[in-house]
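The values are calculated or read from the model by the stated rules, or taken from the named source; none is laboratory data. Predicted model only: the values in this text are computed from it and were never measured. Here the Cβ positions follow ideal geometry from the backbone for every residue, glycine too, while neighbour counts run over all protein chains shown.
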Amino acid sequence: MEFVFSKKAKITFSILMIIGLIAMIYGYSTDHSHHHNRFWSNLLINGFFFFAISLGGLFFLTLQYATEASYMVVLKRIIEAITQYIYVGAAVLIIVFLAGSMHIHHLYHWMDNAVYHEYVMESTIGSDHPEYVDEMVEGAVVNEHYDAIIDGKSAYLNQPFFWIRTLIYLGVWCFFAYFFRKRSLMEDELGGTKIHFKNMGYAAIFLVFFAVTSSTSAWDWIMSIDTHWFSTLFGWYVFSGMWVSFMIFLVLFTIWLRGRGYLPFVNDSHIHDIGKWMFAISFLWTYLWFSQFMLIWYSDIPEEVTYYIQRIQEFKLLFFGIFFTNFAFPMVILMSRDAKRAIGYLIFVGVLIFIGHWLDVYMMITPGSVGHADFGFMEVGMFLGFLGLFLFTVFNSLSKAPILVKNHPFLEESKHLHI
Amino acid sequence: MADKIIYATFDDDHVLLESAKKLTSKGVHIRDVFSPFPIHGIDPVIGVKQTRLAICGFIYGLTGLTLAVFGMYYFMIVDWPMNIGGKPNDFLYQNIPAFIPISFEFTVLMAAHGMALTFFLRNWTLPGIKARNPYPYTTDDKFVMEIHPSDNHISTDELMEDLKSTGSIAIEER
């Protein structure tokens, strides 16, 4: 069966994108924060959040390949369609980073050359490009923007190395998204088990690469906004967030498609299984969120605790609110077996914690870049706009191939899943 | 006639499941099935009700959580307030992040132990209690179905015939 990207859906998503565009123009013109930081951090939040959903999808897909799992085979095309947004998401991220490199915005404080040099030539202070020097020479004075802590991180946090890393992450991830999609379509044509067994090895290579780069990319793109601060489990925290966001989206999307009659081969057991994932990964996220918070709260070391002081002072309701929603709703509502098979429960919890995890990304970025909670039309509108773009891309790639894979060795087994 | 019990042995769980389905569709009541491992899908066929162990587990967990929070409240706030890292300790909520790991662990401890004990008690499989399975080989590689002719209106001979035709390898009446 082919999925049809209906005209109605196209119009809906286009309207969402137009709302997003209006929000961007309106937001950019009314945003009076330093260097339009509020606008750019919204672009980064939405760019990263939806990129992370498709990256989480790619991770989940390769996890299925590497473990040779059969139960998700009937949902494989849906997961693949979600991963195909990764190119668009990567483009948005590159725009944000390029603007940062060109000093159009100031999300990444460390991209400013001034913080790395102890001295500055007195005659050039106040000009567009002050001349910084590392040694006291004739005509130089002490640079008041010099930041010894950031300078100490300069071996890692410098622009050339940042760009090399970023391009490697994005390039390899996009390549694998393209590669696995191509092989999946190839399997439909050719059949046999050769592609299946090879996929296992390629997926393992991806997972090893992803294990390292999911952490380092989170440091580079998100943790470096709060440049002074560091946390060793930050990468896993971001990773668990992207995984659970993907699981929620998969649950909601599958339920929607099944309601439309596109998935006659998906039974309650499949829904139960992905519901379990949503439940379990919510706990992983909570565990990492809380571990990071509690250790820093307990030790109370000034250089670490500033991160939370700002979040608690400026964003108290949001900060504790998302913790409770993203933890309490899945725990209380999804604990029993029957609830994971009840569509109504899954949709209710799914929508709530989907927004909760968007707010989680908001809480990672905004306190370091804007500093206080400005929440208005720009935030909501840009979220809707990017949602439209994301759904448009996903629907479009889903309609490009049959919605059920052919010739996968585990297809029959997956159809008869019974738990 | 003293109550006799029919024990039908099978050497494959799928055969037993199919046989049980056939028998129950004729209205036969199967008292019990002995198996070395859980047979997928047998419960609704032979009329075993869904377990209430999960509800017990929830209650034990809740008990553990309450006990842990109350205990730490009493030890650390009321009875002997301790100054740890200069944290204020006048009220419970000021220290709650530090108590969460312990509350969690105690919840899990109570739920796990409570459920294990309940399970053993309910099945009456505590140390020193004689095993109730009729044949020791049901803990190895055979499956046994237990049927009481007194439960059913079908004659014993017909039952035996049905069992044999559906793949039982040995039938004993005792």
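Results, tabulated for the structure shown:
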| read-out | value |
| --- | --- |
| Restricting region B:26-41 to residues that are in a strand (DSSP E or B) and touching a Phe, Trp or Tyr at 6+ places or on another chain (Cβ under 9 Å), the residue that is farthest from the other protein chains (Cβ to nearest Cβ) | B:Phe34 |
| All positions within region B:78-93 that are within 14 Å of chain A (Cβ to nearest Cβ) and either within 19 Å of A:Val305 (Cβ to Cβ) or loosely packed, with under 10 Cβ neighbours inside 10 Å (or both) | B:Asn83, B:Ile84, B:Gly85, B:Gly86, B:Lys87, B:Pro88, B:Asn89, B:Tyr93 |
| Any hit, region A:240-249, residues being in contact with a helix residue (DSSP H, G or I) (Cβ under 7 Å, 6 or more places away or on another chain) and part of a loop (DSSP other than H, G, I, E, B) | no |
| Lone unmet requirement of (1) within 14 Å of chain B (Cβ to nearest Cβ); (2) touching a residue at least 24 places away in the same chain (Cβ under 8 Å); (3) small (Gly, Ala, Ser) for A:Gly381 | (1) |
| Residue list for region B:42-57, filter: over 30 Å from B:Leu109 (Cα atoms) and part of a loop (DSSP other than H, G, I, E, B) | B:Gly47 |
| Top-ranked residue of region A:299-339 - restricted to ones that are among the small types (Gly, Ala, Ser) and closer than 26 Å to A:Trp277 by Cβ, ranked as farthest from the other protein chains (Cβ to nearest Cβ) | A:Gly321 |
| Residue that is part of a helix (DSSP H, G or I), within 11 Å of another protein chain (Cβ to nearest Cβ), aliphatic (A, V, I, L, M) and surrounded by 17 or more Cβ atoms within 10 Å (Cβ to Cβ), where the choices are A:Ile296, A:Ile271 | A:Ile296 |
| Options B:Phe120, B:Phe58: the member that is at pLDDT 90 or above and either touching a His at 6+ places or on another chain (Cβ under 6 Å) or within 13 Å of chain A (Cβ to nearest Cβ) (or both) | B:Phe58 |
| Residue check, B:Ile96 without any contact (Cβ under 8 Å) to a residue 12 or more places away in the chain, among the β-branched types (Val, Ile, Thr) and outside the structural domain of B:Thr24 (by TED's automatic domain parsing) | yes |
| Single match in B:Asn83, B:Asn89 (criterion: among the polar types (S, T, N, Q), in contact with a helix residue (DSSP H, G or I) (Cβ under 6 Å, 6 or more places away or on another chain) and assigned to a loop (DSSP other than H, G, I, E, B)) | B:Asn89 |
| Test for B:Met160: is it part of a helix (DSSP H, G or I) and either in contact with a strand residue (DSSP E or B) (Cβ under 6 Å, 6 or more places away or on another chain) or at pLDDT below 85 (or both) | yes |
| Subset of region A:135-155 [assigned to a loop (DSSP other than H, G, I, E, B) and surrounded by 12 or more Cβ atoms within 10 Å (Cβ to Cβ)] | A:Gly139, A:Asn143, A:His145, A:Tyr146, A:Asp147, A:Lys153, A:Ser154 |
| Some residue of region A:110-130 being more than 30 Å from A:Leu250 (Cα to Cα), in contact (Cβ under 8 Å) with a residue 60 or more places away in the chain and buried (at least 16 other Cβ atoms within 10 Å of the Cβ) | yes |
| Qualifying positions in region B:103-117 - out of contact with any helix residue (DSSP H, G or I) (no Cβ under 6 Å at 6 or more places or on another chain), surrounded by 13 or more Cβ atoms within 10 Å (Cβ to Cβ) and within 14 Å of chain A (Cβ to nearest Cβ) | B:Phe104, B:Val108 |
| Qualifying positions in region A:309-343 - assigned to a helix (DSSP H, G or I) and basic (Lys, Arg) | A:Arg311, A:Lys316, A:Lys340, A:Arg341 |
| Test: residue in region A:85-96 that is modelled with pLDDT of 90 or more, hydrophobic (A, V, I, L, M, F, W, C), in the same structural domain as A:Val208 (by TED's automatic domain parsing) and within 30 Å of A:Ser269 (Cβ to Cβ) | yes |
| Exclusive hit being over 16 Å from the mean Cα position of the chain (by Cα) and crowded, with 18+ Cβ neighbours inside 10 Å, set A:Ala218, A:Ala203 | A:Ala203 |
| Top-ranked residue of region B:61-77 - restricted to ones that are surrounded by fewer than 15 Cβ atoms within 10 Å (Cβ to Cβ) and under 30 Å from B:Phe120 (Cβ atoms), ranked as nearest to the other protein chains (Cβ to nearest Cβ) | B:Leu62 |
| Residues located in region B:29-55, provided they are out of contact with any strand residue (DSSP E or B) (no Cβ under 7 Å at 6 or more places or on another chain) and over 22 Å from A:Ile419 (Cα atoms) | B:His29 |
| One residue from A:Leu346, A:Leu389 being at pLDDT 95 or above, of a type outside the set (Gly, Ala, Ser), in a helix (DSSP H, G or I) and under 28 Å from A:Lys10 (Cα atoms) | A:Leu389 |
